[in-house]
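For reference, the structure discussed in these notes is given below.
The values are calculated or read from the model by the stated rules, or taken from the named source; none is laboratory data. Remember, it's a predicted structure, so these values are computed and weren't measured experimentally. Every residue, glycine among them, receives a Cβ derived from its backbone with ideal geometry; neighbour counts consider all protein chains shown.
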Amino acid sequence: MTRRLRARRGLMVMAILAVTVFIGRILWANGLFSSVPTGFFGSCKTIASQPGVEDIETVNGVTFVSIASARGPDPRDGIYVLSDSGGMTRLSGAPKDFHPRGLGIYRSPDSSGIFLLAVNRHARALSDAMRFSIDSFEVINPKTAPALVAQGTIMGGLLTDPQDVAAAGPGAFYVSNGTGGSSVLRALAGYGVLPGSNVLYFNGMSFRVAIDDIYGARGLLLTPDGAHLLVASLTSRSLKSLAREPFSGNLTETDTLNLPVAPEKITLDSTGEIWVAGHASLLAWRGFAADPAKRAPSQVFRVTLTSGVPQQPEQVYGNDGSEIAAASVAAAAGRQLLIGSSLDNRLLACTQK
């Protein structure tokens, strides 16, 4: 065998291995062969029918719900407060073109003041650079007659496809963000072949990239001590723990917890545990996004947090999509578990036994 022939065969073997890895990566990231164990130790009921539940945040005993259908703008989009009886009231004070994806919470040093940050996807934008903004509000009379008072709107060219926001102090925050690019690059990132996402940091004056090359960055969560930022990575099916330098805002990846699902939003309960909603199969999720009749399964996990590192995922809720399809956010308070979906028109309230 000549040297040239051996080289050709070596290149062919390397090409076959590369294609195999490429295909394997797509199949794994999209959960082609994943199954969904169904069941919940408790009972659930639908308490609201809304065009899309994007995020849920509870602070000082008040539960805020962002509504913005992933299927397109809806006149009912906005930020709502959930009452003890399960009713939902939309808060006044938001701009007319307001379709909030993710929510972030900041409390004043004495914990009495509540400030909301929202990722807003504008339905009417003059240019791509003005399609997204981070809108901030103060919540007045949160217990009696809650309303929003606008504090400011921040735009920037780096906001190419923001998903969620985490407040890091007065005027400072992190944003999970898709990096855009050509349609081919976006498709490759969407199927988990390329990273395609980053996390931005706004220091009160300008945006900068805090960490790059994240696979499908979605939900964000800053730990109570402010030392770690958690990132839900949709197409690497994991939760990433990033160590945070408080003064500069710099982030360094410290650990990763692999999950049986592709996670979207993440929330923290009063006991310090994380709640994750996600999709076993991204193919089923995309199918439901394209056709509401093709209902996708839902899964919710409880994750233990130790020293800023997520660990020990435990499935709490699993459904074939008949009760709620493609759940994207879950939040717990005591025995109550709220489950919402940005693609399904319902919010569940579940009572755990």
| field | Verdict on Asp164 being crowded, with 19+ Cβ neighbours inside 10 Å, within 30 Å of Leu282 (Cβ to Cβ), of a type in the set (D, E, K, R) and touching an Asp or Glu at 6+ places or on another chain (Cβ under 8 Å) | value | yes
| message | I'm trying to understand the selection: among the residues of region 56-65, which are surrounded by fewer than 18 Cβ atoms within 10 Å (Cβ to Cβ) and in a strand (DSSP E or B)? | response | Val59, Val62
| Residues Ala187, Ala232: which one is touching a strand residue (DSSP E or B) at 6+ places or on another chain (Cβ under 9 Å) and among the small types (Gly, Ala, Ser)? | Ala232
| field | Only listed residue being assigned to a strand (DSSP E or B) and touching a residue at least 60 places away in the same chain (Cβ under 8 Å), chosen from Ala150, Ala166 | value | Ala166
| note | Going through region 122-147 in order, the residues found to be charged (D, E, K, R), assigned to a strand (DSSP E or B) and either out of contact with any strand residue (DSSP E or B) (no Cβ under 8 Å at 6 or more places or on another chain) or surrounded by 20 or more Cβ atoms within 10 Å (Cβ to Cβ) (or both) are Asp135
| field | Single condition Ala217 does not satisfy, out of (1) at pLDDT 90 or above; (2) loosely packed, with under 14 Cβ neighbours inside 10 Å | value | (2)
| note | Over region 130-150, the set of residues over 22 Å from the mean Cα position of the chain (by Cα) and either closer than 19 Å to Leu222 by Cβ or hydrophobic (A, V, I, L, M, F, W, C) (or both) is Val139, Ile140, Ala145, Ala147, Leu148, Val149, Ala150
| task | Find the residue count for region 17-55, including only residues that are at pLDDT 65 or above, in a helix (DSSP H, G or I) and of a type in the set (A, V, I, L, M, F, W, C). | result | 4
| said: Looking for something surrounded by fewer than 22 Cβ atoms within 10 Å (Cβ to Cβ), over 20 Å from the mean Cα position of the chain (by Cα) and not small (Gly, Ala, Ser) - is there at least one such residue anywhere in region 192-203? | reply: yes
| task | Could you pull out the residue among Gly249, Gly192 that is modelled with pLDDT under 95, assigned to a loop (DSSP other than H, G, I, E, B), under 24 Å from Pro297 (Cβ atoms) and not aliphatic (A, V, I, L, M)? | result | Gly192
| task | Could you please find all residues in region 170-185 being buried (at least 17 other Cβ atoms within 10 Å of the Cβ) and either in a helix (DSSP H, G or I) or small (Gly, Ala, Ser) (or both)? | result | Ser176, Gly178
| query | Considering region 271-303 alone, what residues qualify as being in a loop (DSSP other than H, G, I, E, B) and either in contact with a strand residue (DSSP E or B) (Cβ under 8 Å, 6 or more places away or on another chain) or of a type in the set (Gly, Ala, Ser) (or both)? | reply | Gly272, Glu273, Ala280, Ser281, Ala293, Ala296, Pro297
| message | Is it the case, given these coordinates, that Ala330 is surrounded by 24 or more Cβ atoms within 10 Å (Cβ to Cβ), small (Gly, Ala, Ser) and out of contact with any Asp or Glu (no Cβ under 6 Å at 6 or more places or on another chain)? | response | yes
